[in-house]
Amino acid sequence: MNPRRWILVFSAALCLAAAHDPADRLSNPVQEARARALFQETRCLVCQGESIDDSDAELAGDLRGAIRAQVAAGRSDDQVRAFLSARYGDFVLFRPKLSAANALLWGGPFLVAVLGAVLLFRRQRAMIQTPPLSPEEEARLQALEADQSS
């Protein structure tokens with residue numbers, strides 16, 4: 001292997017080692033596996049489209065540390081999610097729980113569609129139901145029809 005390739009491989013190894021420092025990992029493999037699963041469910045607030053497990057942002061590293069500390073303290077997954085939601089808002093979770101605050105966000109489009117369908121139905125029904133002609137209008141219509149036939 002030529003020296004350039006060795007430098008490239010060595011640089012790549014250093015980058016990978018810096019991205020996920022083994023010293024930060026929990027010593028208990030079960031707890032580390034739980035923390036990693038929670039990382040996949042948690043949105044990076046800097047990148048917004050990536051999980052904190054995939055992100056190299058400094059805030060993502062802080063969130064990974066906070067989750068590991070919560071897991072190491074013996075908190076359940078639901079308690080860790082509640083901690084993250086309380087601290088950073090529901091946006092930090094890729095799958096937030098349904099609550100009164102976000103129910104309108106999820107149900108709003110359906111509510112608007114139903115309201116639009118009701119208004120459209122009522123408008124169509126009003127157009128179909130025309131009131132009967134008054135006696136003056138009836139006489140005028142007959143006069144117009146008589147003029148056209150002659």
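If you go through the stretch 110-144, how many residues are over 29 Å from the mean Cα position of the chain (by Cα) and among the β-branched types (V, I, T)?
Residues that pass the stated criteria total 2.
If you take the residues of the stretch 53-105 that are in a loop (DSSP other than H, G, I, E, B) and polar (S, T, N, Q), which of them is modelled with the highest pLDDT?
Within the stretch 53-105, the subset in a loop (DSSP other than H, G, I, E, B) is 53-57, 73-76, 89, 94-99.
With the extra rule that they be polar (S, T, N, Q), the set shrinks to 55, 76, 99.
On the way: S55: 86, S76: 91, S99: 76.
Checking each candidate, the answer is S76.
Would you mind stating whether R125 is part of a helix (DSSP H, G or I), in contact (Cβ under 8 Å) with a residue 12 or more places away in the chain and not acidic (D, E)? Don't jump to the end; show me each part of the working.
Values: part of a helix (DSSP H, G or I): yes; in contact (Cβ under 8 Å) with a residue 12 or more places away in the chain: no; not acidic (D, E): yes.
No, not satisfied.
The values are calculated or read from the model by the stated rules, or taken from the named source; none is laboratory data. Being a predicted model, the structure only gives us computed values, none of them experimental. Virtual Cβ from ideal backbone geometry, glycine too; neighbours counted across all protein chains shown.
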